[in-house]
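Chemist: Pasting a structure here, questions to come.
The values are calculated or read from the model by the stated rules, or taken from the named source; none is laboratory data. Treat the numbers as computed from the prediction; the structure is a model and nothing was measured. Because the Cβ atoms are built from the backbone with ideal geometry, glycine has one as well, and the counts that use them run over all protein chains shown.
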Amino acid sequence: MSLFSNIPLEPKDPIFISNDKFNNSKAEHKMNLTFGVLMEPGNEPNLYQFKCVSKAQDIISKENLDHEYPPLTGLPDYNMAIQNLFFDKDSRVVKESRIMTVQGITGGAALTIGADLLSKLATKSIYLSNKTWSCYQGLFQKLEIKYYPYYDEKTKAIDFENMSLFFSKLEKGSVVSFIINSHNPTGLDLNLEQWGIIGKLCATNKIFVFFDIPYAGYSTGSFQTDITPVRLFESFGVEMFIAYSTEKNFGMYSDNCGAFMAILNKPKAISALKSHLIVCCRTLNSFPSLYPARIIIKILNTPELKELWESELKSISDDLKNKRQLVLKEFEHLNIPINNYVNQQGLYLFLDINQKQVDYLGDKYNVFVVPGGRVSISCISSKNVKVFAEAVKDTINNKDLI
Ligand SMILES: Cc1ncc(COP(=O)(O)O)c(C=O)c1O
């Protein structure tokens, strides 16, 4: 008899179900479009390695650094370098000591830190967009998850009318989370005017915002442009947490870092929150890793490397746009209506298909996508786009699957 003999099976993460099917497929030509990773621009089937990261690694390897314990909340230079990306020393929140930044372990861990603080100190629930990243269920498990209108199943677009109406009526003190760009899974982002409207409603109704930022720079090619909603909301006086993932932003999937930031209206509240945060970091993360933090410090604090990083983000974003165009052109060529997809941007193409269709794509064509039909556009190239588009056409036209 074991303590674990009668435990129920936990459902698998949908992303890994498709990935396992890809790994188990014996087909010679198969496509793994599941993971949100960056591949090399063009047709290369290799993971993109940021040049700025390789250069920083070279420099660091000669510095004879040890493996000492870092502070619980991460290296101060790292926290400052990340914070500077969002709010520099001349910004209001820094001058007024209303911001703090700590190193996470991943973007996901930063979300967990925020969820822990929220559930202990502030709220019992959080609102997410009505279609969203499946991992939030686990990361926000200490909170009840509720939804605000975002994706309209009928029009396959953002339902901004109902979204803004919802925010105008949302109870004071509610907590909402936004993915600011390259929305996962829909690829649909608010424009700046719409962010302005939602930001003002959040300020008026005293709504607390938790920004999740894994893909800054992927949509427009500029990190700074993509994070505009954060500064906009701050300018309206909205209090916020930010979970930032360095994983995708630097292509450091196995050496991830991340950061958690808080901006509150009173410096005293920041100091009090920090005391809780230290306990939270100790119990959730223990000590964060030094190695990836050192790489990122080197990049962000060395002007040439920072410039290189920014130019690499631009190239990545251009490549994602090119690959999306490849798909849309091929869809048009095959008479697949593209209206549903033209406004999508960033890392994902969202087919919005049912599970039978997802299974059919995998079983018949060895094209593996995440349930719902989220496609990692970076994995598309001129070599596989025809097979992909033909598979999609057959799948969405097959009446037996609807
Ligand atoms: C919406 C969203 N948030 C956060 C993350 C980042 O998580 P992590 O840095 O833990 O991989 C991802 C990554 O896939 C994501 O899609």
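Chemist: Of Met39, Met80, which residue is of a type in the set (A, V, I, L, M, F, W, C) and free of Cβ contacts under 8 Å to residues at least 40 places away in the same chain?
Modeler: Met80
Chemist: Something else now. From the list Leu277, Leu320, Leu308, exactly one residue is in a helix (DSSP H, G or I) and assigned by TED's automatic domain parsing to the domain that holds Tyr218. Which is it?
Modeler: Details: Leu320 fails: assigned by TED's automatic domain parsing to the domain that holds Tyr218; Leu308 fails: assigned by TED's automatic domain parsing to the domain that holds Tyr218.
It is Leu277.
Chemist: Give me a count of the residues in the stretch 214-242 that are touching a Ser or Thr at 6+ places or on another chain (Cβ under 7 Å), β-branched (Val, Ile, Thr) and crowded, with 22+ Cβ neighbours inside 10 Å. Break it down into steps so the answer makes sense when it comes.
Modeler: Of the residues in the stretch 214-242, the ones touching a Ser or Thr at 6+ places or on another chain (Cβ under 7 Å) are 214-215, 217-221, 226.
Adding the requirement that they be β-branched (Val, Ile, Thr) leaves 220.
From what's left, crowded, with 22+ Cβ neighbours inside 10 Å: none.
Here the count works out to 0.
Chemist: Has the stretch 246-254 got at least one residue that is in a helix (DSSP H, G or I), away from the ligand (no atom under 13 Å from the Cβ) and within 18 Å of Leu313 (Cα to Cα)?
Modeler: Looking through the stretch 246-254, none of the residues is in a helix (DSSP H, G or I), away from the ligand (no atom under 13 Å from the Cβ) and within 18 Å of Leu313 (Cα to Cα).
Chemist: Is there a residue being assigned by TED's automatic domain parsing to the domain that holds Leu334 and over 26 Å from the mean Cα position of the chain (by Cα) anywhere in the stretch 371-381? Quick ask: steps written out before the conclusion?
Modeler: Within the stretch 371-381, the subset assigned by TED's automatic domain parsing to the domain that holds Leu334 is 371-381.
This time we only want the ones that are over 26 Å from the mean Cα position of the chain (by Cα), so: none.
Taking every residue of the stretch 371-381 in turn, none turns out to be assigned by TED's automatic domain parsing to the domain that holds Leu334 and over 26 Å from the mean Cα position of the chain (by Cα).
Chemist: Ile242 fails exactly one of the following numbered conditions: (1) in a strand (DSSP E or B); (2) within 11 Å of the ligand (Cβ to nearest atom). What is the number of that condition?
Modeler: With (1) in a strand (DSSP E or B); (2) within 11 Å of the ligand (Cβ to nearest atom) applied to Ile242, the lone miss is (2).
Chemist: Return the only residue of Ser182, Ser245 being surrounded by 20 or more Cβ atoms within 10 Å (Cβ to Cβ) and under 26 Å from Lys120 (Cα atoms).
Modeler: On the way: Ser182 fails: under 26 Å from Lys120 (Cα atoms).
Ser245 is the lone residue from the list that is surrounded by 20 or more Cβ atoms within 10 Å (Cβ to Cβ) and under 26 Å from Lys120 (Cα atoms).
Chemist: Residues in the stretch 216-239 that are of a type in the set (A, V, I, L, M, F, W, C) and not in a helix (DSSP H, G or I): how many?
Modeler: First, pick out the residues of the stretch 216-239 that are of a type in the set (A, V, I, L, M, F, W, C): 216, 223, 227, 230, 232-233, 236, 238.
With not in a helix (DSSP H, G or I) added as a condition, the list becomes 216, 227, 236, 238.
Residues in the stretch 216-239 being of a type in the set (A, V, I, L, M, F, W, C) and not in a helix (DSSP H, G or I): 4 in total.
Chemist: Just need a number here: residues in the stretch 113-153 that are polar (S, T, N, Q), closer than 17 Å to Asn184 by Cα and either within 12 Å of the ligand (Cβ to nearest atom) or assigned to a helix (DSSP H, G or I) (or both).
Modeler: Residues of the stretch 113-153 that are polar (S, T, N, Q), as a first pass: 119, 123, 125, 129-130, 132, 134, 137, 141.
Among the residues that remain, those that are also closer than 17 Å to Asn184 by Cα are: 129-130, 132, 134, 137.
Keeping just the survivors that are either within 12 Å of the ligand (Cβ to nearest atom) or assigned to a helix (DSSP H, G or I) (or both) gives 129, 132, 134, 137.
So the answer is 4.
Chemist: Pick from Ser125, Ser174, Ser164, Ser134: which is free of Cβ contacts under 8 Å to residues at least 40 places away in the same chain and surrounded by fewer than 22 Cβ atoms within 10 Å (Cβ to Cβ)?
Modeler: Numbers: Ser125 fails: free of Cβ contacts under 8 Å to residues at least 40 places away in the same chain; Ser174 fails: free of Cβ contacts under 8 Å to residues at least 40 places away in the same chain; Ser134 fails: free of Cβ contacts under 8 Å to residues at least 40 places away in the same chain.
Selected residue: Ser164, the only one of Ser125, Ser174, Ser164, Ser134 that is free of Cβ contacts under 8 Å to residues at least 40 places away in the same chain and surrounded by fewer than 22 Cβ atoms within 10 Å (Cβ to Cβ).
Chemist: Let me ask you something else. If you take the residues in the stretch 45-62 that are part of a loop (DSSP other than H, G, I, E, B) and without any contact (Cβ under 8 Å) to a residue 60 or more places away in the chain, which one is farthest from Lys314 (Cα to Cα)? Please lay out each step first, then the result.
Modeler: Looking only at the stretch 45-62, we keep the residues that are part of a loop (DSSP other than H, G, I, E, B), and these are 45-46, 48-50, 62.
Going one step further and asking which of them are without any contact (Cβ under 8 Å) to a residue 60 or more places away in the chain, we end up with 46, 62.
Numbers: Asn46: 19, Lys62: 29 Å.
For the stretch 45-62, the residue satisfying everything is Lys62.
Chemist: Being part of a strand (DSSP E or B) and in contact (Cβ under 8 Å) with a residue 40 or more places away in the chain narrows it down to one of Val327, Val392, Val358, Val375, so name that one. Before the answer, list the steps.
Modeler: Details: Val327 fails: part of a strand (DSSP E or B); Val392 fails: part of a strand (DSSP E or B); Val358 fails: part of a strand (DSSP E or B).
Answer to the selection: Val375.
Chemist: Could I ask something else about it? Taking the options Ile336, Ile295, name whichever one is out of contact with any His (no Cβ under 9 Å at 6 or more places or on another chain) and within 16 Å of the ligand (Cβ to nearest atom).
Modeler: Just a single option satisfies the conditions, and that option is Ile295.
Chemist: Taking the residues in the stretch 78-112 that are farther than 15 Å from Ile270 by Cα and among the aliphatic types (A, V, I, L, M) as candidates, determine which candidate is farthest from the ligand (Cβ to nearest atom).
Modeler: The extreme case among them is Met80.
Chemist: Among the residues that make up the stretch 378-389, is at least one of them part of a helix (DSSP H, G or I), free of Cβ contacts under 8 Å to residues at least 24 places away in the same chain and surrounded by fewer than 16 Cβ atoms within 10 Å (Cβ to Cβ)?
Modeler: First, the residues of the stretch 378-389 that are part of a helix (DSSP H, G or I): 378-379, 385-389.
This time we only want the ones that are free of Cβ contacts under 8 Å to residues at least 24 places away in the same chain, so: none.
No.
Chemist: May I pose another question? Take the residues in the stretch 158-179 that are among the small types (Gly, Ala, Ser) and in contact with a Ser or Thr (Cβ under 9 Å, 6 or more places away or on another chain); name whichever of them is farthest from Ala122 (Cα to Cα). Spell out the reasoning first.
Modeler: Initial filter on the stretch 158-179 (among the small types (Gly, Ala, Ser)): 164, 168, 173-174, 177.
Checking which are in contact with a Ser or Thr (Cβ under 9 Å, 6 or more places away or on another chain) leaves us with 168, 173-174, 177.
Values: Ser168: 21, Gly173: 9, Ser174: 9, Ser177: 15 Å.
So, considering only residues that are among the small types (Gly, Ala, Ser) and in contact with a Ser or Thr (Cβ under 9 Å, 6 or more places away or on another chain), the one farthest from Ala122 (Cα to Cα) is Ser168.
Chemist: Is it the case that Ile207 is away from the ligand (no atom under 16 Å from the Cβ), modelled with pLDDT of 95 or more, farther than 23 Å from Thr101 by Cβ and surrounded by 20 or more Cβ atoms within 10 Å (Cβ to Cβ)?
Modeler: Considered against the rule, which asks whether it is away from the ligand (no atom under 16 Å from the Cβ), modelled with pLDDT of 95 or more, farther than 23 Å from Thr101 by Cβ and surrounded by 20 or more Cβ atoms within 10 Å (Cβ to Cβ), Ile207 comes out as no.
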